[in-house]
Amino acid sequence: MRSRFDDRRHAGRVLAGALASWSGQADVVVLALPRGGVLVGYEVALGLGAPLDVLVVRKLGLPGHEELAVGAIASGGAIVVNREVVDRFDVPEHAIREAAEREQVELHRREAAYRDGRPMRPLAGRTVIVVDDGLATGSTMRAAVIAVRALGPARLIVGVPVGATSTCEEMADVADHVVCTTTPRDLHAVGQSYADFTQTSDEEVRELLAAASQTIGSRPIIEARQVTVAAGDVELVGDLAMPDEARGLVLFAHGSGSSRHSPRNRFVADVLQRAGLATFLIDLLTLGEERADARTGELRFDVDLLALRLVAVTDWLASEPATGCLPLGLFGASTGAAAALIAAAERPSLVAAVVSRGGRPDLASDVLADVHAPTLLLVGERDEVVIDLNRRALTRLPGERHLEIVPSAGHLFEEPGTLDIVADRASRWLRSHLRAQGTTVSR
């Protein structure tokens, strides 16, 4: 079987894309199973902007046959007993207690080594995502989930880059939601899915947890503030996020009013923020228009209206002291990409770069020849009609431009790992072209 992932860090980035729905939510905690799961969990926590902690699980072996687990103990004091095995082999309670005491010593040793004195994060009332590098039999993950459940989380999610189909399905019995980005039919060992499956050391785990405590999750990566912008006879609501020493600003344009709340746009925005770019996610339709559009689907295709409002927002950003000094990029999705191209044509001195995700540049065909801003077109491999529309548009754009087909992706980039590719490519394109103007600003 061909390797699906380069290494655990790569697998974590793919898994983060599949978990994008939980990006930026304040109540999320990522719990990684050591050791290999911590490398995956670090990338997931980074991608979601969530705190990272470790959940140490130690199996309790059947006396004389330690490879057969009669239960497990886990961080937080939880003890899980497999009553079916206990009854089948008539395991006495004192044997379980003795095994738990022995394993408790190793559990405490690992926790002390990994956390370096930091207490375990509280999980009660939180959304907890338990992460490992893969699921074969799933026995350790099942014990982990049951142990975490005893600590009172509001929601419990299992996330793994690879898992046996039957194991992932069975995990749904104990978790609220299960995300396995790939489920090969012939999975005999998790390491089959990795080009590099080198054993992770205790020191690597400790260093990653220490880094995570300083850089992600202990506080929001940045604080977004709600902003209202007048656009003609309506007021548009958006979320403006300004990292320290921002090197540029990216304005998001969506074909409906979901731009500000779209999990996919929020995931991409989080990646851009960590790359040092400010982001402005704004609803180009009012709440009333959004409700009407949900019924008719007409307003999202009113590109002239969307573009008119996007230009008004662009002008407002240019006039504000905090944002006017930053080079501006536009990130458009679907019909919002057409609005972004129109805005780039109408405001060539303000728009320094454009990225289109699953865009409809054909709806801006009249102005494509006037778009001189460097433009990146990202389209899913399975979105055949839109691929053709983007290829035609590419020949009409006069400036620097590039079309990239994202493997295995559909129009909405919902397939595991595809949104991760979008965020990576957009970040590289925008950092490259917005940095050209060389201005940074501190909050």
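The values are calculated or read from the model by the stated rules, or taken from the named source; none is laboratory data. Computed from a predicted model, the values in this text were never measured in an experiment. Cβ atoms come from the backbone with ideal geometry, glycine included; neighbour counts cover every protein chain shown.
At a glance:
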| read-out | value |
| --- | --- |
| Pairs where the first residue, in the range 291-303, is in contact (Cβ under 8 Å) with a residue 12 or more places away in the chain and the second is of a type in the set (A, V, I, L, M) and not in a helix (DSSP H, G or I), C-beta under 7 Å, 6+ apart | D293/L285; L299/L285 |
| Qualifying residue in the range 297-315 (condition: surrounded by fewer than 19 Cβ atoms within 10 Å (Cβ to Cβ) and among the polar types (S, T, N, Q)) | no |
| Candidates V237, V250, V268 - the one that is assigned to a strand (DSSP E or B) and in contact with a Leu (Cβ under 8 Å, 6 or more places away or on another chain) | V250 |
| Filter pass, R83 being modelled with pLDDT under 85 and closer than 26 Å to P184 by Cα | no |
| Every residue from the range 312-326 that is under 15 Å from A253 (Cα atoms) and either outside any helix (DSSP H, G or I) or in contact with a Leu (Cβ under 7 Å, 6 or more places away or on another chain) (or both) | V313, T314, L317 |
| Residue in the range 126-143 that is in contact with a Pro (Cβ under 7 Å, 6 or more places away or on another chain), crowded, with 21+ Cβ neighbours inside 10 Å and closer than 20 Å to T200 by Cβ present | yes |
| Residues of the range 271-288 that turn out to be in a helix (DSSP H, G or I) and either touching a residue at least 40 places away in the same chain (Cβ under 8 Å) or within 20 Å of L430 (Cβ to Cβ) (or both), as a count | 4 |
| Qualifying residues in the range 369-423 (those that are of a type in the set (D, E) and under 28 Å from the mean Cα position of the chain (by Cα)) - the one nearest to L277 (Cα to Cα) | D420 |
| Qualifying position, being in contact with a Gly (Cβ under 7 Å, 6 or more places away or on another chain), in the same structural domain as S427 (by TED's automatic domain parsing) and in contact (Cβ under 8 Å) with a residue 60 or more places away in the chain, among G358, G336, G380 | G336 |
| Matching residues in the range 391-413 - criterion: being closer than 14 Å to S334 by Cα and surrounded by fewer than 23 Cβ atoms within 10 Å (Cβ to Cβ) | G410, H411, L412 |
| Qualifying positions in the range 394-443 - assigned to a loop (DSSP other than H, G, I, E, B), over 20 Å from H254 (Cα atoms), at pLDDT below 90 and not β-branched (V, I, T) | S408, P416, G417, G438, S442, R443 |
| Condition met for A99 (hydrophobic (A, V, I, L, M, F, W, C) and over 41 Å from the mean Cα position of the chain (by Cα)) | no |
| Single residue of the range 372-390 satisfying the filter (among the charged types (D, E, K, R) and in a loop (DSSP other than H, G, I, E, B)) that is surrounded by the most Cβ atoms within 10 Å (Cβ to Cβ) | D383 |
| Residues of the range 211-248 classified as touching an Asp or Glu at 6+ places or on another chain (Cβ under 6 Å) and modelled with pLDDT under 85, total | 1 |
| Residue satisfying condition, being on the phi > 0 side of the Ramachandran plot, buried (at least 22 other Cβ atoms within 10 Å of the Cβ) and within 19 Å of the chain's Cα centre (by Cα), within set G49, G37, G41 | G49 |
| Members of the range 167-207 that are closer than 30 Å to R118 by Cβ and of a type in the set (K, R) | R206 |
| Residue in the range 330-349 that is in contact with a helix residue (DSSP H, G or I) (Cβ under 6 Å, 6 or more places away or on another chain), of a type in the set (G, A, S) and farther than 28 Å from E298 by Cα present | no |
| The listed residue being within 23 Å of L305 (Cα to Cα) and buried (at least 24 other Cβ atoms within 10 Å of the Cβ), out of A423, A369, A333, A345 | A333 |
| Criterion: closer than 21 Å to S427 by Cα and in a strand (DSSP E or B) - qualifying residue of G336, G329 | G329 |
| Candidates A172, A150, A78, filtered to the one that is within 30 Å of S21 (Cα to Cα), touching a helix residue (DSSP H, G or I) at 6+ places or on another chain (Cβ under 9 Å), surrounded by fewer than 20 Cβ atoms within 10 Å (Cβ to Cβ) and among the hydrophobic types (A, V, I, L, M, F, W, C) | A78 |
| Checklist (1) touching an Asp or Glu at 6+ places or on another chain (Cβ under 8 Å); (2) part of a helix (DSSP H, G or I) applied to L306, failing item | (1) |
| Which numbered condition P184 fails, given (1) part of a loop (DSSP other than H, G, I, E, B); (2) within 23 Å of the chain's Cα centre (by Cα); (3) closer than 23 Å to L209 by Cβ | (3) |
| Options V40, V28; residue that is in the same structural domain as V91 (by TED's automatic domain parsing), at pLDDT 95 or above and either closer than 18 Å to F267 by Cα or of a type outside the set (D, E) (or both) | V40 |
